[in-house]
Amino acid sequence: MTVATSNPLLAPWTTPYGLPPFVEVEPAHFKPAFEAALTQQRAEIDTIGDAAEPPTFENTVAAFDRSGRLLARLDGLFYNLTSSETSPALQAVERELAPVMAAHSSAVYMHEALFARIDALHAERGSLGLNTEQRRLLERLHLDFVRAGAKLAPAAQRRYAQVMERLAELTTRFAQNVLADESGYRLVLRTEEELAGLPDFVRAAARQAAVDRGIADAHVITLSRSHIVPFLTFSDRRDLREQAYRAWASRGEHDGAYDNRAVAREILSLRNEQAKLHGYPSYADYALADTMAGQASSVSDLLHRVWVPAKASAERERAALQAMLLSRGESLTLEAWDWRYYAEKVRQARYDLDEAEIKPYFPLDRMVEAVFDCAHRLFGVRFIEQPQVRVYHPDVKIYEVRGADDALVGVFLHDNFARPSKRSGAWMSSYRMQSRNVRDVTPVIVNNNNFAKGAPGEPTLLSFDDARTLFHEFGHGLHGLLSNVTYERLSGTNVLRDFVELPSQLFEHWLSEPEVLKRHARHHRTGEPIPDDLVQRLKDARNFNEGYETVRYTASALVDMAVHSLSSPEAPDVVAFEAGELERIGMPPGIGMNHRLPHFQHLFSGSSYAAGYYVYLWAEVLDADGFDAFVEAGNPFDPAVAQRLLRFIYSSGDSLQPAQAYEAFRGRGPTVEPMLRKKGLIAEAV
């Protein structure tokens, strides 16, 4: 028996839809499989680069896009598992492979003969007779090579490769440290006094978390957002709220094996060196050069346009919270672990809204039906569950996705629940990207959430914010599933990072549509639709506490930009820098940030959002303006608008420049006012 046939990762995948053979794979299989895949792609690259024939689009650019198929297949499986269902054995392999994978990437993108061919084609691109997608691929690949060091002098290339290998090691360690802090924490509640104020749905989720962790006769609060936020919102025990909040806010900031402070500092220093090797004064300048924003001043202008009114809004909210304190006969200084608790009291008094009244209308299964129904009404796709197909965890559901013509569009995996082996947050990823370079390849897309799982036999009830997260990630999922391009490099979510959040944030809008709520927000026990008056109260309260939320987000984005705009070779202590920057920008007290630097995985677990956390706000300008196209049509499912949305946003991948794609959909460029109105930061238009 050969290695290829004894290792299921190297044998043909004869599973349904060509899915990975999850049940056969063991951590020990990955290293030899990756070694074979790297060897294979190196040979493919040498063949392309050393070809005797003059370079053409087909024998060089299209050939490069086809290369590394085995490696891509392994990447899709391995890195999804290390995020969603990891183990000490997988983490050990991940640490070992990190520098190896970075070295391979440098070898590919610094391949002298291959780049010479791509560079020659790029210089003549206007006379090659390329169609729009082909030219876009050539331009994007050429830029990929340049930004990876292809034009650097040999000595600089060697140092650049060393920097990238070390960064791969450090970003892997950063992510694993955060997961260790998160999975290792548990606030155990055993008495009624410790449970004071917690509604039944919070208690049920905490009880299930205790059962999952083998803790008898107790409730457990974890650092999953679906646990910690409700606890901070409802617990009457201020001392326990403080304890939980401090654990949440200090992830990655504890002495010992999982301390991320020195890790983040070294990452920042190396990124600065990376940027300098390219001739940029800072990493932010390097990162933003390949974005819609283009430069730091554009990002700063947008963030500060929101920052000032958001702070003013948060101060008005603080005054309301202080008034609530006085009305309850309490006197204390509002701290970060108090804000959500008293904000909920104000919301209940002002809008007669109670989370315990809302959640029964948002069971997870109903909300999944809602996202599927919206996708069907907009784009004609159907999601058909395949319960007989086994994947990597029993909680994961798998769906076949078919188009209006009943043709297979792709495969969708839905992984919705928190567990210790899964990193925090919510994200979309792919096991396989759509393409048709040589043959049609259907995408395999996964959505990950971290909802608190209901007890056996009981539904998982979502907050409205949880439901919004479900819609958001599903928007990313559709972006991958509906891709309709030729080349994998341009497929799905392989777009500029300040464009990638548009499809996800745009899809959130349909959750708030009254007809969607009336159809799908039904009481989990009675099946009755959500009452009209509750829908109206939710609408009235849509901007409640928006100042607080916007301050938390924008502060994180401003700190991200500031720390990545430093030009000195040695990065500062990240905790001290963060504190100083928050003081400089006038951070209001008692609010806190979405993410503090020692656990800011957007920035330090990889680099895709480094100097890029602003992208959610950038995309919010686009999504608020974009959804107005449906408002102007008078129908949230207007067929003509939906068809343009599919053609130019959800299916075009990176085959069009983002600004061109948006203008083709909207008929013009975006304006910022709809976003400001959506956030309640300027008055509604009359």
Candidate aspartates and glutamates for bridging to Lys31, where Cα separation is under 13 Å - those fewer than 8 sequence places away on the same chain excluded
Asp75, Glu94, Glu96
Viscosity 0.692 mPa s, temperature 37 °C: give me the Stokes-Einstein translational D for region 148-193 in µm²/s, with Rh taken as the Kirkwood radius over C-alpha pairs.
235
Per 5 Å bin, what percent of the C-alpha pairs of region 263-342 does each bin hold, from zero upward?
3, 12, 14, 11, 10, 9, 10, 11, 9, 6, 3, 1, 0
Could you tell me the extents of region 607-686's C-alpha atoms along the three principal axes, largest first, rounded to whole Å?
41, 32, 19
Which of the lysines could a cross-linker span from Lys151 if the Cα-Cα distance has to be under 16 Å and same-chain partners fewer than 8 positions apart are dropped?
Lys276
Fully extended contour minus Cα-Cα distance, from Ile682 to His393, at 0.36 nm per residue:
99.4 nm
Based on the Cα gyration tensor of region 534-665, what are the three equivalent ellipsoid semi-axes, each the root of five times an eigenvalue, rounded to whole Å and given largest first?
35, 22, 10
Express in whole angstrom the spacing between the alpha-carbon centres of region 1-80 and region 381-416.
24
Under 18 Å from the Cα of Lys518 - lysines, other chains or at least 8 residues apart:
Lys359, Lys539
For region 144-229, evaluate the Debye formula with one uniform point scatterer on each Cα (no solvent term) and list log10 I(q)/I(0) at q = 0.11, 0.22, 0.23 Å⁻¹, rounded to two decimals.
-0.52, -1.01, -1.06
Could you give the size of the charge dipole of the chain about its Cα centre, using +1 on the Cβ of each K and R and -1 on the Cβ of each D and E, expressed in debye and rounded to the nearest 20?
220
State the antiparallel share, in %, of DSSP beta bridges confined to the chain, rounding to the nearest 5.
80
Each label point is 7 Å from the Cα along the Cα-to-Cβ direction; what then is the distance between the points at His376 and Val575, in nm?
5.3
Amide H of Phe417 versus every other amide H placed in the peptide plane: which residues, excluding those fewer than 5 positions away on the same chain, fall under 5 Å?
Asn449, Phe451
Solvent exposure of the chain as accessible area per residue, Å², 1.4 Å probe:
40
Expressed as a whole-number percentage, the relative contact order of the chain with C-alpha contacts under 8 angstrom and at least six residues apart is 16
Whole-Hz Karplus ³J(HN,Hα) for region 646-657, in order, using 6.51 cos²θ - 1.76 cosθ + 1.60 and θ = phi - 60°, x for Gly and Pro?
5, 5, 9, 10, 7, 10, 8, x, 9, 6, 10, 4
Could you calculate the contour length gain from Ser567 to Glu357, that is, 0.36 nm times the residue separation minus the distance between their Cα atoms, to one decimal place in nm?
70.4 nm
Sorted by chain and number, the residues with a modelled amide H under 5 Å from that of Arg432, at a separation of 5 or more or across chains, are Val444
Among His278, Ala180, Pro572 the positive-end extreme of the charge dipole of the chain (Cβ point charges)
His278
Give a quick list of trypsin sites (Lys or Arg not before Pro) in region 323-388 that DSSP marks as loop, anything other than H, G, I, E or B, with at most 11 other Cβ atoms within 10 Å.
Arg328
Along each principal axis of its Cα atoms, how long is the chain end to end? Whole angstroms, biggest number first, please.
84, 60, 58
Per the 1.4 Å probe, what fraction of the accessible area of region 234-333, in percent, lies on carbon and sulfur atoms?
50
In units of 2.2 N^0.38 Å, the Cα radius of gyration of region 309-448 is 1.56
Would you please give the residues with an amide H less than 5 Å from that of Phe544, counting only those at least 5 places away or on a separate chain, with H modeled from the backbone geometry?
none
Could you tell me, in Å, what Rg and Dmax come out for the Cα atoms of region 320-387?
19.8, 56
State the Cα centre-to-centre distance between region 604-645 and region 286-358 in whole Å.
22
Roughly how many whole Å is it from the C-alpha centroid of region 512-548 to that of region 229-262?
31
Within a Cβ distance under 11 Å of Ala320, other residues only, what is the Lys/Arg minus Asp/Glu net charge?
+3
Expressed in Å to one decimal, the Kirkwood Rh of region 150-294 from all distinct alpha-carbon pairs is 18.3
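The values are calculated or read from the model by the stated rules, or taken from the named source; none is laboratory data. As the structure is a prediction and not an experimental result, all values here were calculated from the model. In this analysis, Cβ positions are derived from the backbone assuming ideal geometry, glycine residues included, and neighbour counts consider all displayed protein chains. In case anyone asks, the SASA skips ligands and DNA or RNA and just uses the protein heavy atoms, side chains included. Shrake-Rupley method; radii C 1.70, N 1.55, O 1.52, S 1.80 Å.
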